[in-house]
Amino acid sequence: MLRAFFVSVMFAMPGDVVAQDVAVTSLSGSVNEHFDTTARVAGSRLVSVRLGTARGLAFDPSNVQVVRPVSLAGVCVRSISRDGLYWMRTYYGVEATASGKRLLIEPFTSSLDQILRSYGEGEIAIVAFSSVDASCLDQSPLVLPVLVPEGAPDRIEVLLNSGSRRISAGLDGGEQVVCVTPQNIERIVFDSICTLAVVLSDRPTQRVLQVAMDDGLTVVREDYKIFLPAHQ
């Protein structure tokens, strides 16, 4: 369901990003990224999952963080710009002895820093998932939401490529919300935004994001496992 072209969160944090509770990824080789003149489309329905609400600031490739489970050997990251011109898919290692509840994706880019900074933080869709497979072909991965810097972690934003279907989403079988179509932007990469209120527990939890897609004739349902941090 979430294959090689998969990537989606960022958290409130003051000052220095390399803080005591932030682990850092390792990388063999260079980031697999491209910036093209021809737009691409997302390779999966799930385009991004982030914890917190994007505020329209400039995207900062030096401060991309995701929620980190205690046991995490590696993470696959996929990113695509709203206009489909930039895309990235890279596998990062995580040291077994590294501590930290958050994981800093470093480096996020090898040579396209200035191009990425020209986008708003909500214009770079990112999806990340735990993996032991460097080819990122895991069949049922655990999604690690991107953390919105200094954002209140009281909601999850999910970006989906619905194929013009009516979309609704919910957590753990609870009440589903109807997703909205973004206005006044190109709908090349994603065409639905689902915003779900969430209350973090006193310990990290694994939740199930349930997505229903209705084309008027049939309803297709997909489930995604999502890892959420404890509240602070």
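Report which label in [x] 119; [y] 131; [z] 157 holds the value of volume of the Cα convex hull per residue in Å³ derived from the coordinates of this structure. Given [x] 119; [y] 131; [z] 157, the structure-derived one carries the label [x]. Roll a 1.4 angstrom probe over the protein heavy atoms and tell me the percent of accessible area of the chain that is carbon or sulfur. That fraction is 51 percent. Once you reduce segment 50-98 and segment 101-119 to the center of their Cα atoms, the two points are 8 Å from each other. With the highest mean first, a sort of the peptides 215-222, 30-37 on other beta-carbon atoms found within 10 angstrom per residue produces 30-37, 215-222. As a calculated quantity, the FRET efficiency between LEU27 and ASP202 at R0 = 45 Å, using C-beta atoms, amounts to about 0.85. For the chain, adding -39500 (n - 2.57) for each run of n ≥ 4 DSSP H residues and dividing by the number of residues yields -500 deg cm²/dmol at 222 nm. With a Förster radius of 35 Å applied to the beta-carbon distance between ARG221 and ASP113, the computed FRET efficiency rounds to 0.35. Where does the charge balance sit around GLU121 when Lys and Arg score +1, Asp and Glu -1, over other residues with C-beta under 13 Å from its C-beta? After counting each charged neighbour, the total is 0.
Per residue, how large is the accessible surface of the chain? Use a 1.4 angstrom probe and give square angstrom.
On a per-residue basis, 45 Å².
The values are calculated or read from the model by the stated rules, or taken from the named source; none is laboratory data. In this text, all values refer to a predicted model and were calculated from it rather than measured experimentally. Every residue, glycine among them, receives a Cβ derived from its backbone with ideal geometry; neighbour counts consider all protein chains shown. Protein only, heavy atoms only, side chains kept; ligands, DNA and RNA dropped before computing areas. Shrake-Rupley method; radii C 1.70, N 1.55, O 1.52, S 1.80 Å.
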